[in-house]
1. For the stretch 34-66, enumerate the residues that are assigned to a loop (DSSP other than H, G, I, E, B) and not polar (S, T, N, Q).
2. Out of the residues in the stretch 1-57 meeting the condition of being surrounded by 10 or more Cβ atoms within 10 Å (Cβ to Cβ) and of a type in the set (Ser, Thr, Tyr), tell me which one is modelled with the lowest pLDDT.
3. Being modelled with pLDDT of 90 or more, closer than 30 Å to LEU24 by Cα and in a helix (DSSP H, G or I) is the requirement here; does HIS69 meet it?
4. Kindly indicate the residue of the stretch 58-83 that is over 25 Å from ARG18 (Cβ atoms) and of a type in the set (Asp, Glu) and also surrounded by the fewest Cβ atoms within 10 Å (Cβ to Cβ) among those meeting that condition.
5. Write out, first by first residue and then by second, each pair whose Cβ atoms fall under 7 Å of each other, whose residues are 6+ apart or on separate chains, and whose first residue, in the stretch 94-106, is among the aliphatic types (A, V, I, L, M) while the second is part of a helix (DSSP H, G or I) and surrounded by fewer than 12 Cβ atoms within 10 Å (Cβ to Cβ).
Amino acid sequence: MLKAKYKLEGGTVPKILRIEWELLDEAFSEGFEESTLVAAVKEEAALHLLKEGRISQGKTVELLSISRHDLFDLMATYDIPVTGLSPEEMKQEFEQADELFVRKWAGKGRFQKT
């Protein structure tokens, strides 16, 4: 069951979404369980919401009951960037991090920039 939170006066309230489909028994042949289809639909829905920026990575992890590491693997499969930064913004972030690292450690004799 998927839950989405909506802000109302005084807090947030979960919205429960239920999906009902009528499928013939042939759709569930031997070795294919209903739970497999439900899990696949939940995964698709949660990752779609994540890609659209409607839910956070943390909420996606919670909805799918998976680890953050597993989420990153799924995000790669679905071609969803792990960050919202462009390649240029990411480069700038790394450059700033490098500068901070050098300033902190170079003066203490523990690190020399090559």
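The values are calculated or read from the model by the stated rules, or taken from the named source; none is laboratory data. Everything quoted here is computed from the prediction, not taken from an experiment. Counting neighbours? That spans all protein chains shown, and the Cβs are built from the backbone with ideal geometry, glycine included.
1. If the condition is that a residue be assigned to a loop (DSSP other than H, G, I, E, B) and not polar (S, T, N, Q), then GLU52, GLY53, ARG54, ILE55, ILE66 are the ones that fit.
2. Result: THR12.
3. In short, no.
4. Per the stated criteria, the residue is ASP79.
5. none
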